[in-house]
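The values are calculated or read from the model by the stated rules, or taken from the named source; none is laboratory data. Owing to the predicted nature of the structure, the values given are computational and were not obtained by experimental measurement. All Cβ positions, glycine included, derive from the backbone under ideal geometry; neighbour counts span all protein chains shown.
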Amino acid sequence: MNRDFEPEIQELADLMRDFMNTQILPSEAAWATQRDARGINSVLPIVEELRRKSARRGLWNLLQPQAAAITQVESAKIARITGWSPLLAPETINSQDPDYGNMNVLNAFANEAQRETWLEPLFDGTTRS
């Protein structure tokens, strides 16, 4: 199996690694404090801030095929990096479960009305599954 990746994919992985080291990992304590104070189902300010930062870096929806035009194998290289912070990182790039899988299913099989009603809000991060 060829484990080499295109330079663009390596750049995305490097960008994700840098985001993890400089933004996500240093924010875990604040995230835990906010989660404990507000509850797990609340929209946390630290998550909103990190989402904006990930979008500015081009990481928002990075693992979604319709956004990044990368293969599943290529996205696995990047998803593995988000595993360093499994509760916080996926939510900051919009790859959290169950939304990630639901977006993939809707992208593949939904009609236009379903895409407008369900996929677009999930893709934008304005709703959750």
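Descriptive notes on the structure:
- Single residue of the range 66-79 satisfying the filter (over 12 Å from the mean Cα position of the chain (by Cα) and touching a residue at least 12 places away in the same chain (Cβ under 8 Å)) that is nearest to Met103 (Cα to Cα): Gln66
- Selected residue (only one of Ser95, Ser75, Ser42 is exposed (fewer than 12 other Cβ atoms within 10 Å of the Cβ), touching a helix residue (DSSP H, G or I) at 6+ places or on another chain (Cβ under 9 Å) and among the polar types (S, T, N, Q)): Ser42
- Filtering the range 50-61 for residues that are at pLDDT 90 or above, among the basic types (Lys, Arg), within 22 Å of Glu120 (Cβ to Cβ) and within 11 Å of the chain's Cα centre (by Cα) leaves a non-empty set.
- Candidate set from the range 115-129 (those that are touching a residue at least 12 places away in the same chain (Cβ under 8 Å) and not aromatic (Phe, Trp, Tyr)); member that is surrounded by the most Cβ atoms within 10 Å (Cβ to Cβ): Leu122
- Output for the range 71-101, where each listed residue is part of a helix (DSSP H, G or I) and charged (D, E, K, R): Glu74, Lys77, Arg80, Glu91, Asp99
- Selection within the range 1-59 - of a type outside the set (D, E, K, R), under 19 Å from Lys77 (Cβ atoms) and assigned to a loop (DSSP other than H, G, I, E, B): Met1, Asn2, Phe5, Gly58, Leu59
- Any hit, the range 102-125, residues being assigned to a loop (DSSP other than H, G, I, E, B) and of a type in the set (D, E, K, R): no
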